[in-house]
Amino acid sequence: MSWNVGRAKQHLSEVIRLAEKSPQLILNRAKPVAAVVSAADYERLVAQEREHRPSLEEAIRQLREAAEEEVGEAMRERIRAYRELLAQTPVDQLEVREHPSVAFRVSENTWVEAICRYLVEPKNSGPVKTRLVKKMLERLNAQPDKVMFPKGDAR
């Protein structure tokens, strides 16, 4: 059932009673402006919102998986060789990660920048970066309900 704002104010108890059975739509100048729903329906909506809320953790997971697919095994091989070289030097406290890492940074203009660190041969850095960015964007765009991503060219 729908109610105009004035009538809903005058009959608020009835609106609430009816909302227990079905949502009550409130109209202002024939346009929907609000809905009164039961507490149970509200809790169900809030739970669904939480379940499908985009998350930074999901974005990080997607980016890490994409980076791992693109450079993971080759990076681990290079790290093994690098560690062997390090073992022959007096440097023994340097930690080198075997997997690509992903972090986010908020810039001054409120953009969030994704930073992916990975080891790759310098001569291959351009092509690897191009493939990696493409793969990461595809993964983020494939899950719009879990990872919100801006539309347009400014990404």
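Structure summary
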item	result
Long-range neighbours under 6 Å by Cβ, at least six apart or interchain, first residue assigned by TED's automatic domain parsing to the domain that holds residue 81 within segment 98-112, second part of a loop (DSSP other than H, G, I, E, B)	100/118
Complete set of residues in segment 124-137 that are within 15 Å of the chain's Cα centre (by Cα) and either outside the structural domain of residue 75 (by TED's automatic domain parsing) or within 14 Å of residue 64 (Cβ to Cβ) (or both)	136
Cβ-Cβ under 7 Å pairs, at least 6 apart or on other chains, segment 127-139 side within 16 Å of residue 56 (Cα to Cα), far side small (Gly, Ala, Ser)	136/66; 139/66
First in segment 9-30 and on the phi < 0 side of the Ramachandran plot, second anywhere and in a loop (DSSP other than H, G, I, E, B), Cβ under 6 Å, 6 or more apart	19/37; 19/38; 20/38; 23/37; 24/1
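The values are calculated or read from the model by the stated rules, or taken from the named source; none is laboratory data. This structure is a prediction, so every number in the text was calculated from the model and none was measured. Glycine gets a Cβ as well: all are built from the backbone with ideal geometry, and neighbour counts include every protein chain shown.
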